[in-house]
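The values are calculated or read from the model by the stated rules, or taken from the named source; none is laboratory data. Fair warning: this is a prediction, and the values are worked out from it, not measured in the lab. Positions of Cβ are generated from backbone atoms using ideal geometry, with glycine treated the same way; all protein chains shown enter the neighbour counts. The area values use the complete protein model at the heavy-atom level, side chains included, leaving out ligands, DNA and RNA. Shrake-Rupley method; radii C 1.70, N 1.55, O 1.52, S 1.80 Å.
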Amino acid sequence: MRKRSSYRPRGVNPKAHVMAMQGAMKLGRDDQLIIAGRVAGAVDAAGQGVATQEQWGHIFDALNMIEALAHLGLVRDSAEFIQAHQTNIVQVLNRKKASGSATLHSEELKQLRDLSATWAEALAVVTHNEFFQAQERVIRKTINAANDPHVTVMEAA
């Protein structure tokens, strides 16, 4: 018979609780301002008719993240909001593609500003962990959409 091995507990990873706390913390004010500022700047550029593809990407990302946060239960009654803003963005980009005109109508600009404000409000209540989960969901959905022939993927020109 073999001698029993003595129990030797392992030490706790000192960084584990830090990671847990960070995940439970809300986004810092600086992070909120930087992330929301990108979208606000993109909306301003779109309003002036000079938005770049990268800036339109910030707008797309904000809408996709709001949708992902709604899926996590953090944004309520968002289905109509998301649909209206998707329709708005599609109209703007289709008109730009068809006519070359990057000018927004006042209602379109108002909706984009509403999107920017809603994004800033959502950032104020989201934790690091929730933000990360939403980002992961958006990445998965974007990859799946790119590979789905039944989905229309809009590209900003």
Notebook entry, point to check: When residues of region 94-126 are filtered for being of a type outside the set (A, V, I, L, M) and touching a Leu at 6+ places or on another chain (Cβ under 7 Å), how many remain?
Noted result: 0
Notebook entry, point to check: Of the residues that make up region 16-26, is at least one farther than 24 Å from THR142 by Cα, part of a helix (DSSP H, G or I), more than 18 Å from the chain's Cα centre (by Cα) and of a type in the set (S, T, N, Q)?
Noted result: yes
Note to self: When the residues of region 43-94 are narrowed to those that are closer than 25 Å to VAL125 by Cβ and acidic (Asp, Glu), which ends up surrounded by the most Cβ atoms within 10 Å (Cβ to Cβ)?
What the structure shows: GLU67
Next item on the list: Please enumerate the residues belonging to region 95-111 that are within 19 Å of LEU63 (Cα to Cα) and either of a type outside the set (Lys, Arg) or open to solvent by less than 80 Å² (accessible area, probe 1.4 Å) (or both).
Entry: LEU104, GLU107, GLU108, LEU109, GLN111
Next item on the list: Filter region 10-31 down to residues that are open to solvent by 80 Å² or more (accessible area, probe 1.4 Å) and of a type in the set (A, V, I, L, M) and give me whichever is farthest from TRP56 (Cα to Cα).
Entry: VAL12
Check: Has region 32-42 got at least one residue that is more than 22 Å from ARG137 (Cβ to Cβ), in contact (Cβ under 8 Å) with a residue 12 or more places away in the chain and either small (Gly, Ala, Ser) or surrounded by fewer than 17 Cβ atoms within 10 Å (Cβ to Cβ) (or both)?
Finding: yes
Note to self: If I ask for residues that are without any contact (Cβ under 8 Å) to a residue 24 or more places away in the chain, part of a helix (DSSP H, G or I) and not charged (D, E, K, R), which ones from region 85-114 would you list?
What the structure shows: GLN86, THR87, GLN91, ASN94, ALA98, SER99, SER106
Next item on the list: Look at GLU80 and say whether it is assigned to a helix (DSSP H, G or I), farther than 18 Å from HIS58 by Cα and not aliphatic (A, V, I, L, M).
Entry: yes
Next item on the list: Can you work out which of the residues in region 135-147 that are more than 16 Å from the chain's Cα centre (by Cα) and farther than 20 Å from THR87 by Cα is surrounded by the fewest Cβ atoms within 10 Å (Cβ to Cβ)?
Entry: ASN147
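Evaluate the following for ALA117: is it under 18 Å from ARG38 (Cβ atoms) and either buried (at least 18 other Cβ atoms within 10 Å of the Cβ) or in contact (Cβ under 8 Å) with a residue 12 or more places away in the chain (or both)?
No, not satisfied.
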